[in-house]
Amino acid sequence: MGDSFLAVTFGFAFALFALGLYGIVARESLVRVLFGLVIMTKGVTLTFLAAGNARDQLGTAQAIVFTIIVIEVAVAALALAVMVNVHRTTGSLSVASIRRLQG
Amino acid sequence: MIAAPPFLIFLVGAPVVLLARGRARRVGLVVLAGLALALTLLLPEGVGWTVRFMEYDLVLLRADRLSLFTGYVFALITFLGVLYAAAFARPWLHLYALLYAGTSLGAVFAGDVVTLLIFWEGMAITSTLLVFEHGGAAVGAGYRYLLFHVLGGALLAGGLALQVVESGSLLLGPVSGSWPSFLTALGAGVNVGFIPLHTWLPDTYPRPHIAASVFLSVYTTKAGVYLLARTSPAVEAIALMGGAMAVYGVVFALAQNDMRKLLSYHIVSQVGYMVAGVGLGTVEGINGGMAHVFNHILYKALLFMAVGAVIHATGQHVMDRLGGLGRRMPVTAVTFWIAALSISGVPGFNGYVSKGMVIAASEDLLPLRVLLEIASFGTFLSFLKLGYFVFLREGDTPGRDPPWPMQSAQVGTAALCVAIGAYPALLFRILPAASAYDPWTPTHLLEAGLVLAGAAATFVTVGRVVLAPHEPRVRDADVAYEAAGRALVRFTQGLARGFAVVYDGFVAAVSQAGRSARRLQTGDLNWNVAGVALGILLVLLWLLWEGAA
Amino acid sequence: MSLDFALLLTVFVPFLAAPGILALRRRPNPREALSVVTAIVTFVFSASLLPSVFTGSSPEVVVFRVAPGLAVHLRADPLGLLFATVASFLWILTTVYSIGYMRDLREHAQTRYYAFFALVIGATMGVALSANLFSLLVFYEILTVSTYPLVVHEESEDAFRAGRKYLVYTLGGGGAILAATAIVYGLAGDVSFVAGGNPALRELPTQVAQAVAFLLVAGFGVKATLVPLHGWLPSAMIAPTPVSGLLHAVAVVKAGVFGLLRTLHFFLGPGLVVGLGLQPILLAVAATTILVASLFALVQDNLKLRLAYSTISQLSYIVLGAALLSPAALLGAAFHIAAHGFAKLSMFFVAGSIFVETGKTRVSELDGIGRRMPRTMLAFTLSAMAMASLPPFAPFVSKWYLSVGAGEADQAILILVLVTSSVLNIAYFLPIVVRAFFTGEPARRAEGRPALLGPVLATAIGALVLGLWTGLPYGPYEIARFLARGMTP
């Protein structure tokens, strides 16, 4: 893989990561927060794959990515379950509705 | 002959005698005191009666010329005092007085430092009890008295403990080293009445029972003088302090209206002579000081007895309400005058001998000598005042001579004053060191004569008006102590408030910090995630930094 | 039975008694009997260890090993046994007194009281007989926690506030000790107590050693009521009087000074204490505490508070003696653990008796109480004289040795501190005696019941006996002297 290609890939992965982070930090709807998390994860997995390609360790990179995907699925499932419950109890999917842990 | 420490007789005998009742008890008391006197007079020189305490071997009985001399006069006056006190049916007074005498004898005959301290504190406690026994106004004074004596005892204990460390020996003897000498002298100084540590004396002695005052006037101060002689600091400052005490006491005495308070200030003054003698450190000085101890005990106790008889007969403590008692109480008047002439140093009476010895010993230290002569002048003046306004001047206060036990005690003591005055050799034989003093030299007679004549002239001309008794307007150092006490309480309250401010401030600050920190916990998901992200970023940066370095 | 086993039982019998007491909650008489018997048994076991210690052998037992060098390890040595025997003996008297006190006041939650009291004593024995800092810390913290229910016994708003303050201070102190233990263990691997100082500590860098020393002094200083860490004690006086007496005049606070004694003489060692420049600071803090606390006592009207401040002052006599680092001073300090314990406990017992009989708590209310309770107030008078270090009472011996120790250590000026303290003691105790006997109206005699009066008199007489009969075989004086002789000056 060429150096410029690598650079573009890393840039794109970083952009995905930043977009995802923005989604988690700045969005009000819980659904958007979850999307942000997923997109962030994609950015992370892309980074690993690119790095594995660049260092010729695709085997290790694949293993890591598989692990990440599995964890991500579990987290997403749980997050969706939590969101369903939040909607049932508070009637809305806004981040502002789950502030009960306020000091 | 049994060589037993005299204190044992009192410590053991006193409670026993007090189990008896009425006349039997009073006779028992006098017999007990007589027994103790006999035992003391027959004590051989020597050291004995060791007892194991803490890790030391204490010496309960050390009889040498100095301790025997002091012991003799203590035991003698105890007998006379008990005789006087036997006129009153006050068992607790008798008990405390005997215990006081016993602990004093214990202190005098103590061979080692720890024994001395134990008896010294015992003296403080028993004499305080003697003061408290009377109740009423004596109670407050007793509290102040004990405060002073605990101070003195603690200083003494500290000084002697240091002395033990320095010298490695527990025996009571000359003290060396700056801290030990300073603390020991100060500790003894409280008992003796160094100015300004003397205020307890005129505060306390006039208040309890008249028989109690007789006992109080004897032991505490003279045991202090004995201790100074024993630890022989030989510091010029102490001798000069003695001179200062002599004059200070006389000045305040002249201003007093209460008879016993006047006598109390004279104790300060006369003890000043003793301190001057002992402080000089020379053989003549110590001899003179100790001789004065002996004589003073006799005539001062007699003064308190006579004045006590007047108080007992008339119910009055103050001179401005008295007069004309010379005719109605002849025995008391005569014994009074004998004592007054003794204390004033009139030739032919015992005070003249010992006062002369001290003054002679001070001839190398001119300031001291001047102070002592001034004090002698004031002393005679003061007693002319007391004697005139109570006994001689016209007055119609009713009164008569006291019961026979009191009279006998007075007469007995007076006889001793006269005997020693006429035959000083009686005293010289038992002095700690051989004395070359001759009281009858023309120089000595002339000196005394001049001072006495001057005082008499002053009194006869202006004294009767200027010195007419009235409530004194001078205040003694008590004022300073009271003010210091109040300041201390205010300081403590301020300190407590300061602490509270600091603590409460600290607690408030911590609470405030906690409350501020609380605001960080918003419960907002976005906020929390952002925080986590930032934290991870910082950690990564730091790791990179560390890795690069 | 072997002495090692006796050692183990000394510490654990009280712990084992606690559940027994809880089980007997519906049967007050057997429950109280169990408490008394446990106290006697504990004392007997601790006393049985004395003869062996004098011959030089030290029974020891490793109870529980966490890691190499970190174990709950008990060992009987002179200092530890002095503390253990005094505390367990006084526990017997306190238990008897508690019975009278709690029953006369018809107090609630008596079972909880007796059960936790047993735990406290067990913890105290553990503190006394620990062979290393870790073990001492474990029992020290158990002591803190088990005293809490006793402090807040009353369960009022004020009691809980006092309890919170108590926990904050003492757990904070415990935290400091934990930090120090961790540092030393981490760097040197050995936290055991060795007479004259643990050699392993000499390897530590100076800064670290100073930090450790500071943490230990501050940590133990809380329970030892060094000014300005003393604030918890006056608040804790809200506890029932037997608690204030035994715990806050004998067990808990003495555990603090005991910890300081161990730190200075068995952990850091005199050499290191001087080398780190710690001695002047300690002497200054102790002297300040002695004077400041006595001044505060002077202005207190509440009797128990006056006694509390007096305790704070007297405890620093022990700290002073420990910090002087001379054999005589160590003797005085160790002996004062016993001397002060007996006399002060007597005064607390008197305060409690007065409260039970008359409901009074303030000095200004005590006019004439000596006519109503003469024997009780006589005990108070004797104890007051003891507090002023007057002979023939035990504190006279302690003060003598402290003075000699000051001379040996070239610190003669500290004698002035002791002198001032004696005068202040009389200044704030004598007025109580005077009020009791010389003011007020004559009253009918009504002393406390025997369970109250007995311990009152026994402790006061104890202070007298300890002062007169210093040759008491295996008594506190003999132990203290043995301890001091073992110290190289």
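Filtering the stretch B:193-211 for residues that are among the hydroxyl-bearing types (Ser, Thr, Tyr), over 22 Å from B:ALA375 (Cα atoms) and open to solvent by 10 Å² or more (accessible area, probe 1.4 Å) leaves an empty set. In the set B:PHE304, B:PHE294, only one residue is under 30 Å from B:GLU471 (Cβ atoms) and either more than 21 Å from the chain's Cα centre (by Cα) or in a helix (DSSP H, G or I) (or both); that residue is B:PHE304. Taking residues in the stretch C:311-335 that are modelled with pLDDT of 95 or more, and partners anywhere that are of a type in the set (Asp, Glu) and crowded, with 24+ Cβ neighbours inside 10 Å, not one pair has Cβ atoms closer than 6 Å while being at least 6 places apart or on different chains.
Where helices (runs of 4 or more DSSP H) fall entirely within the stretch C:181-287, those with at least 1 residues that are open to solvent by 10 Å² or more (accessible area, probe 1.4 Å), away from chain B (no Cβ under 14 Å) and under 24 Å from C:VAL417 (Cβ atoms) are at C:206-223, C:269-275.
Within the set C:VAL41, C:VAL11, C:VAL37, the sole residue that is aliphatic (A, V, I, L, M) and out of contact with any helix residue (DSSP H, G or I) (no Cβ under 8 Å at 6 or more places or on another chain) turns out to be C:VAL37.
Go through the residues of the stretch B:151-169 one by one and say whether even a single one is more than 30 Å from B:ALA86 (Cβ to Cβ), more than 10 Å from every other protein chain (Cβ to nearest Cβ) and part of a helix (DSSP H, G or I). Checked the stretch B:151-169: at least one residue is more than 30 Å from B:ALA86 (Cβ to Cβ), more than 10 Å from every other protein chain (Cβ to nearest Cβ) and part of a helix (DSSP H, G or I).
When C:SER313 is tested against (1) within 14 Å of chain B (Cβ to nearest Cβ); (2) open to solvent by 10 Å² or more (accessible area, probe 1.4 Å); (3) among the polar types (S, T, N, Q), only condition (2) is not met. The condition of being within 14 Å of chain B (Cβ to nearest Cβ) and at pLDDT 90 or above holds for C:PHE429.
Residues in the stretch B:230-255 that are open to solvent by less than 10 Å² (accessible area, probe 1.4 Å) and touching a Pro at 6+ places or on another chain (Cβ under 8 Å) were compared, and the one that is farthest from B:GLY177 (Cα to Cα) is B:GLY243.
Scanning the stretch B:129-148 for residues that are open to solvent by less than 20 Å² (accessible area, probe 1.4 Å) and either touching a strand residue (DSSP E or B) at 6+ places or on another chain (Cβ under 7 Å) or more than 9 Å from chain C (Cβ to nearest Cβ) (or both) returns B:LEU130, B:VAL131, B:ALA138, B:ALA141, B:TYR145. Of the residues B:LEU61, B:LEU42, B:LEU66, B:LEU37, the single one that is open to solvent by less than 30 Å² (accessible area, probe 1.4 Å), more than 21 Å from B:VAL113 (Cα to Cα) and in contact (Cβ under 8 Å) with a residue 12 or more places away in the chain is B:LEU37. Being under 24 Å from B:GLY449 (Cβ atoms), in the same structural domain as B:GLN270 (by TED's automatic domain parsing), touching a Phe, Trp or Tyr at 6+ places or on another chain (Cβ under 9 Å) and modelled with pLDDT of 90 or more is a property that B:PHE380 has. A residue that is surrounded by fewer than 23 Cβ atoms within 10 Å (Cβ to Cβ), at pLDDT 90 or above and either at the interface with chain B (Cβ under 10 Å from one of its Cβ atoms) or within 25 Å of the chain's Cα centre (by Cα) (or both) occurs somewhere in the stretch C:438-454. In the condition set (1) in a helix (DSSP H, G or I); (2) within 14 Å of chain C (Cβ to nearest Cβ); (3) farther than 26 Å from B:ALA63 by Cα, B:LEU93 is compliant with all but (2). Among the residues here, B:THR128 does not qualify as within 27 Å of B:VAL31 (Cα to Cα), touching a residue at least 24 places away in the same chain (Cβ under 8 Å) and of a type in the set (Ser, Thr, Tyr). Using the structure shown, decide if B:GLY454 is under 60 Å from the mean Cα position of the chain (by Cα) and either without any contact (Cβ under 8 Å) to a residue 60 or more places away in the chain or in a helix (DSSP H, G or I) (or both). Yes; evaluated as a whole, the condition is true for this residue. For the residues B:GLY463, B:GLY523, the requirement of being open to solvent by less than 100 Å² (accessible area, probe 1.4 Å), farther than 30 Å from B:LEU197 by Cβ and touching a residue at least 12 places away in the same chain (Cβ under 8 Å) singles out B:GLY463.
Scanning the stretch B:259-290 for residues that are open to solvent by 30 Å² or more (accessible area, probe 1.4 Å), modelled with pLDDT under 90 and over 18 Å from B:LEU186 (Cβ atoms) yields B:LEU280, B:THR282, B:VAL283, B:GLU284, B:ILE286.
What residue, among those in the stretch B:509-535 that are of a type in the set (Val, Ile, Thr) and closer than 27 Å to A:SER97 by Cβ, is farthest from the other protein chains (Cβ to nearest Cβ)?
B:VAL532
The values are calculated or read from the model by the stated rules, or taken from the named source; none is laboratory data. Note that the coordinates shown come from a computational prediction; the quantities given were computed from them, not determined experimentally. Counting neighbours? That spans all protein chains shown, and the Cβs are built from the backbone with ideal geometry, glycine included. Just so you know, the surface numbers come from the protein's heavy atoms only, side chains and all, with ligands and any DNA or RNA stripped out. Shrake-Rupley method; radii C 1.70, N 1.55, O 1.52, S 1.80 Å.
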